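Derivation of every value follows stated rules applied to the coordinates shown; laboratory data play no part. Keep in mind that what you see is a predicted model, and the values were worked out from it rather than measured. Positions of Cβ are generated from backbone atoms using ideal geometry, with glycine treated the same way; all protein chains shown enter the neighbour counts.
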Amino acid sequence: MSPSKRDELAARAAAMSSRAPRQAVPSTESGAGTGAPRAKEVRLTTTIQPQLYRGLVAFCAETADSIGAARVPHAVVVRALIARLESDPALRSAITNDVADELRTD
């Protein structure tokens, strides 16, 4: 990663970490029921290092073999990971630590 890109990412991370976390507000508390919950799917795009991508490709191939599928799309794996973050406190804690470590090294 280039120094300028790293500086930009560090600045963004610092700006985001200084913000107060957003709190979900039930529609009954938000005043006159304004703001319906999001119904449309959200597209997520990211850039990853080549070695991480190779690991994802290998995992998808191994998983396809183990479950008897022709292939496992990358997006299915990412969606499963995100869903597991919501239900697995140990995984959530481990990922929080990994993110903190990565932000400290960038």
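Quick notes on this structure:
- Beta carbons closer than 7 Å, at least 6 apart along the sequence or on distinct chains, pair a first residue in the stretch 52-80 that is without any contact (Cβ under 8 Å) to a residue 24 or more places away in the chain with a second that is exposed (fewer than 13 other Cβ atoms within 10 Å of the Cβ) and among the hydrophobic types (A, V, I, L, M, F, W, C) for Ala64/Ala70.
For every residue, the table says whether it meets (1) among the polar types (S, T, N, Q); (2) more than 18 Å from the chain's Cα centre (by Cα); (3) outside any helix (DSSP H, G or I); (4) surrounded by 10 or more Cβ atoms within 10 Å (Cβ to Cβ).
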{"position": "Val57", "(1), (2), (3), (4)": "no, no, no, yes"}
{"position": "Ala64", "(1), (2), (3), (4)": "no, yes, no, yes"}
{"position": "Ala69", "(1), (2), (3), (4)": "no, yes, yes, yes"}
{"position": "Val77", "(1), (2), (3), (4)": "no, no, no, yes"}
{"position": "Leu81", "(1), (2), (3), (4)": "no, no, no, yes"}
{"position": "Arg84", "(1), (2), (3), (4)": "no, no, no, yes"}
{"position": "Glu102", "(1), (2), (3), (4)": "no, no, no, yes"}
